[in-house]
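> Mind having a look at this structure? Questions to follow.
Readers should treat all values here as calculations from the given coordinates under stated rules, not as data from a laboratory. Here the structure is a predicted model, which is why all the values come from computation and not from measurement. Cβ sites come from the backbone with ideal geometry, for glycine too, and all protein chains shown count toward neighbours.
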Amino acid sequence: MNTNGSPGIIFGECLIDDFGDVQRLGGAPFNVAQHLHALGVASVFVSRVGRDAPGQRILQHMRDWGMAMDEVTEDTLLPTGRVRVTVDVGQGHRFEILPHQAYDAICAPASVIAPIPWLYHGSLALREDGPSRATWRQLRARAQWRFVDVNLRDPWWNPELLAELIQGSSILKCNVEELEQIIHTCKLPPASTLREAMQTVARHFHVQAVLLTRGAAGAAYGDGTNFYETEAVSTVIQDTVGAGDAFAAGWLWSLFRGDAIARRLQRAGELAAAVCALSGAIPDQPGFYQTIMARWVKEE
């Protein structure tokens, strides 16, 4: 994919994952924005924080990493996004995503001009029929290429929004449970194989390709003609928070380099595995990326 050197747009939430005794920076678009910035991919992060201590923490983190902040605006009324995370014996973690947060009111960016070479976004920031959804529609209309990373957390989605979100996307990224949920919700024909399930969703929504994460089972890619599967990269797991975001960033980095599909899956899996070896969704030190990049360059 040729980006012509122009920065793409990463749109969506930045927030605090509140574990009670520990607060971590998070939000899939924020995580992807840091990964791509540290890997040398030019992008503009479009988001919103509250005028509060958590918001200042996010902005200071971006300053420390040298990330562009022009389109991360401050809201005087709504708080910085927060997710309460509690330990669940059966499911590992339980997430309480709070309503009416600053990322629900993301403004249209002032500095971005059409056309947008590529747009990355998730689904959480579009949950309310308000400013963020209106801004997303403007960006989508101007984007030449679109990567959609769905995160179907109840009750923050509905079938109508899901269809609008997916329709006509260039890459749809989801996990196995979300793929099954899309098929069930949209009453699509049942599939006998993973490849058939991915093709069914792609055809129905006119999606160019589906990128599927499968946890310990690896990942898969299907674009109607090609189908690839890959095993998960071996790692010592600290936690899996943010693994999918790292996978998306690794895929995009490799795509923009012009790599073949199999290599993209490899790079995506390697970055996800490296993040799983950390505590939290993003590393604290730039050396993390320097090590990754040095190995990738050596392998080329």
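> Sticking with the crude label model, points 7 Å out along Cα→Cβ, report the distance from Glu177 to Ile113 in nm, one decimal please.
4.5
> Spin-label point model (7 Å from Cα, Cβ direction): what's the Asp70 to Asp284 distance in nm?
3.3
> While we're here: Between Ser47 and residues 5 or more places away or on another chain, which pairs have amide H atoms under 5 Å apart, with H built 1.01 Å from N, and which residues are they?
Those lying under 5 Å, H to H, from Ser47 are Val72, Thr73.
> Rounded to the nearest 20 Debye, what is the dipole magnitude of region 206-300 about its Cα centre when Lys and Arg each give +1 and Asp and Glu each give -1 at the C-beta? All intermediate terms of the calculation are to be shown ahead of the outcome.
Values: 7 positive and 10 negative charges, 32 e Å.
It works out to roughly 160 debye.
> Would you pull out the residues with amide H under 5 Å of Lys173's amide H, same chain only if 5 or more places away, H placed 1.01 Å from N?
Long-range HN contacts for Lys173: Val148, Asp149, Val150, Leu211.
> So what are the ³J(HN,Hα) numbers for region 39-54, from phi and the Karplus equation (6.51, -1.76, 1.60; θ = phi - 60°), rounded to whole Hz, Gly and Pro as x?
Ordered by residue, 3J(HN,Hα) equals 8, x, 9, 6, 7, 10, 8, 10, 7, 8, 10, x, 8, 8, 4, x Hz.
> Each residue of region 10-19 in order: what ³J(HN,Hα) in whole Hz does its phi give by Karplus 6.51 cos²θ - 1.76 cosθ + 1.60, θ = phi - 60°, with x for Gly and Pro?
Once θ is set to phi - 60°, the couplings for region 10-19 become 10, 10, x, 7, 10, 7, 10, 7, 9, 8 Hz.
> Still on this structure: Taking amide H positions as placed 1.01 Å from N in the peptide plane, with prolines and chain starts having none, which residues 5 or more places from Phe19, or on another chain, fall under 5 Å of its amide H?
Arg24, Val85
> Follow-up. With +1 assigned to the C-beta of every Lys and Arg and -1 to the C-beta of every Asp and Glu, and no other charges, what is the dipole magnitude of region 127-226 about the Cα centre in debye, to the nearest 20? Walk me through the numbers on the way to the answer.
On the way: 12 positive and 11 negative charges, 64 e Å.
For this selection, approximately 300 debye.
> Could you list the GluC sites (Glu not before Pro) in region 143-233 that lie in coil according to DSSP, counting only those with at most 15 other Cβ atoms within 10 Å of their Cβ? Before the final figure, lay out the partial values.
Values: sites: Glu160, Glu164, Glu177, Glu178, Glu180, Glu196, Glu229, Glu231; in loops: Glu231.
Sparse-neighbourhood loop GluC sites (Glu not before Pro): Glu231.
> I would also like to ask the following. As a test of the formula, what do you get for the chain when each DSSP H run with n ≥ 4 contributes -39,500 (n - 2.57) and the sum is divided by the residue count, at 222 nm and rounded to the nearest 500 deg cm²/dmol? Provide the component values of the computation, followed by the final result.
Details: 9 runs with 109 residues, N = 300.
Calculated mean residue ellipticity at 222 nm is -11500 deg cm²/dmol.
> Rank these for me by crowding, Met293, Met67, going from fewest to most other beta carbons within 10 Å.
On the way: Met293 14, Met67 19.
Neighbour counts put them in this order, fewest first: Met293, Met67.
> Using all C-alpha to C-alpha distances in the chain, build P(r) with 20 Å bins and read off the rounded percent in each one.
35, 61, 4
> Here's something else I'd like to know. Per 0.36 nm of contour for each residue apart, how much would the distance between Val22 and His61 grow if the chain were fully extended, relative to their Cα-Cα spacing? Walk me through the numbers before you get to the answer.
Numbers: separation 39, 0.36 × 39 = 14.04 nm, distance 1.63 nm.
Net length gain for the segment: 12.4 nm.
> Moving to a separate point now. Would region 135-198 count as rounded, prolate or oblate if I go by the C-alpha gyration tensor, calling it rounded below 1.5 in a/c and otherwise prolate when a/b exceeds b/c, oblate otherwise?
Values: a/c = 2.20, a/b = 1.53, b/c = 1.44.
Prolate.
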